[in-house]
Amino acid sequence: MASFWETVQVDGQDMDVYASVPSGQGQGPFPAVIVSQHGGGVDKFIQEMADRLAEAGYAAVAPNLFHRYTSEMLADRSGRVQHLSDPEIVADINATVDFLQSHQAVNEDRIGVTGFCMGGRVTWLAAASNPYFKAAAPYYGGNINVIWGGGDKSPFELTEGIKCPVLFHFGEKDINPSAEDMAKFDAELTRLGVEHTFHTYSDADHAFMDYTAQRHNEAAFELSWPRTLEFFDTHLKN
């Protein structure tokens, strides 16, 4: 596994992207997965999840969705997401997809997306906005029913745009997304005929994957991550 930072152009601006690629597995082309960050940014946890995907045979990239932020905006960690705008998020994800599709080491027809917390929401929005995704695996994505910034529809209202299988991981104790949200998402994907699987992890709260956070739940981590890899193997490798 080799990791490095790349720069991608988005609307004339530079966006830094953390990339991790397989090593000792030939020259590719490899299937790819975009890793959507949580509120902490493309930090140690997000980088490790990208590295884990690379070790499993994927070219993994994590775009810095805060690249438009000033240092003052980044300083308020709890309020960072309030500055995000759905059209800008979609532009960032689309630019990352374009970067992957133009890279010789990537199989342009085998791109998936995953993400954690706000990244789970971004994963849903990405799959609903870009038809090139072949698999989407959101983790505890909250605020899917809410419009951010200059958008005119929430990610949920864009669900009809999802054309790929979805694997969604929920924490039993989580209130955003809640059990009611899960039922609503399930009903909508079912209505639209979108292949999907939902897993709820007992005694797990929001952010159960993040081993750097207080709410980390190791049992839920160890159960959910192999499911995600199996899901991506099925839809991106086979």
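Taken together, the values in this text are just the output of simple stated rules run on the coordinates, not laboratory data. All of these numbers come straight from a predicted model, not from anything done at the bench. Here the Cβ positions follow ideal geometry from the backbone for every residue, glycine too, while neighbour counts run over all protein chains shown.
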Original post:
Ordered by packing density, taken as the mean number of other Cβ atoms within 10 Å over each peptide's residues, highest first, how do 34-40, 214-220, 131-137 rank?
Top reply: 34-40, 131-137, 214-220
Subject >> For Ser36, residues with placed amide H under 5 Å, excluding near neighbours >> reply: Thr114, Gly115, Phe116
Subject >> Net charge of Cβ neighbours under 12 Å - reference Phe232; Lys, Arg +1; Asp, Glu -1 >> reply: +3
**OP:** Search the structure for amide H atoms under 5 Å from the amide H of Thr200, placed 1.01 Å from N in the peptide plane, and list their residues when 5 or more places away or on another chain.
**Re:** Phe170
**OP:** Within the set of other residues whose C-beta is less than 10 Å from the C-beta of His216, count the net charge using Lys and Arg as +1 and Asp and Glu as -1.
**Re:** -2
Subject >> Isotropic mean projected area of the C-alpha convex hull, the range 2-237 (nm²) >> reply: 11.8 nm²
Original post:
Counting DSSP beta bridges in the range 2-237, what percent are antiparallel, to the nearest 5?
Top reply: 40 percent
**OP:** Would you please give the residues with an amide H less than 5 Å from that of Gly151, counting only those at least 5 places away or on a separate chain, with H modeled from the backbone geometry?
**Re:** Asp86
**OP:** Would you mind counting up the charge near Ser202? Only other residues with Cβ under 10 Å from its Cβ, with Lys and Arg at +1 and Asp and Glu at -1.
**Re:** -1
